[in-house]
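Everything on this sheet refers to the single structure shown next.
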Amino acid sequence: MPPDRLLSACIVDDEELARRGIRTRLSSHEDITVEVECESGREAVNAIQNNDLDLVFLDVQMPGLDGFDVIEKVGTSAMPVMIFVTAYDEHALRAFDVHALDYLLKPLDEERFTEALDRARARIADREAGQFEARLADLLSSFGENEESAPAEEQTCTDRFVVKSGGRVQFVKSEEVHWVEAAGDYVQLHTTEKKHLLRKTMKEMEEALPGKQFLRIHRSTIVNVDCLREMRPHGSNGEYIAVLSDGTERKLSRTYRDEVDAFFDEGL
């Protein structure tokens, strides 16, 4: 059976032998087609900017523009799903800092290569779900354009989020969200029953959630105060651990300590 949709890939490596190796491995995956190959960073920037690509295999060390330079030129948010391929592991941490999906070492291991592809398929599906969610949210908001405008404070908030999962469109009420965490290009909503990925930044979530019910305690964490069970001291440097009703523990950073104190009208 042919795949539902072909995923377009780009291979970037200054060594022809390395490009051929990736191309050969991809040939056994019917849902992925190699749209373009690049032997330099400059070619890669042009290819990514001028092609509708889903996936890019990106070598780190290349003459001229290296893999990180390519990302800087294109912009992280505009990059396809990225899998770094290199002979060295010293750049692994930096690769994940720029939201690379995976990091493969040469010579390529077949099992790890397949595992990376499986993760790429899942990430691409999540991205498309996020784009669908955004379009649907815009459509839903247009239904209320002729209604009386809400006060400015309420217009920045939402009482529900639109998520797509398993081919279904679901509506998650903000009050059902226990806590929110940063997840790369997404945020993850934690509810009683499951988790939901949304294509939003933490700042956007902070603005969208009702400020009287949700509190940011860390650059990567927002909690529903109705789900807070206790704030437990952590170490001797004034930090705390927020314990939620389901037992989840999240760190309260000193950066957000003043906001937490002000929220509860008293110091911790």
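Scanning region 11-39 for residues that are crowded, with 17+ Cβ neighbours inside 10 Å, more than 14 Å from M62 (Cβ to Cβ) and out of contact with any Ser or Thr (no Cβ under 9 Å at 6 or more places or on another chain) yields a total of 2. Confirm whether V56 is in contact with a helix residue (DSSP H, G or I) (Cβ under 7 Å, 6 or more places away or on another chain), buried (at least 21 other Cβ atoms within 10 Å of the Cβ) and either basic (K, R) or outside the structural domain of R199 (by TED's automatic domain parsing) (or both). Against the criterion (in contact with a helix residue (DSSP H, G or I) (Cβ under 7 Å, 6 or more places away or on another chain), buried (at least 21 other Cβ atoms within 10 Å of the Cβ) and either basic (K, R) or outside the structural domain of R199 (by TED's automatic domain parsing) (or both)), V56 qualifies.
Of S245, S220, S174, which residue is touching a residue at least 12 places away in the same chain (Cβ under 8 Å) and over 30 Å from L101 (Cβ atoms)?
Exactly one of S245, S220, S174 is touching a residue at least 12 places away in the same chain (Cβ under 8 Å) and over 30 Å from L101 (Cβ atoms), namely S245.
For region 78-132, the tally of residues that are part of a strand (DSSP E or B) and closer than 22 Å to L7 by Cα stands at 8.
Only a single item in (1) within 20 Å of G184 (Cα to Cα); (2) buried (at least 20 other Cβ atoms within 10 Å of the Cβ); (3) at pLDDT 90 or above is not met by K73, and it is number (2).
If you check E181 against the conditions, is it touching a residue at least 24 places away in the same chain (Cβ under 8 Å) and over 30 Å from D102 (Cα atoms)? In short, no. Summed over region 202-244, residues that are of a type in the set (S, T, N, Q) and over 24 Å from the mean Cα position of the chain (by Cα) total 3.
The values are calculated or read from the model by the stated rules, or taken from the named source; none is laboratory data. The structure displayed is predicted, hence computed values, not measured ones. Here the Cβ is made from the backbone with ideal geometry for all residues, glycine too, and neighbour counts use every protein chain on show.
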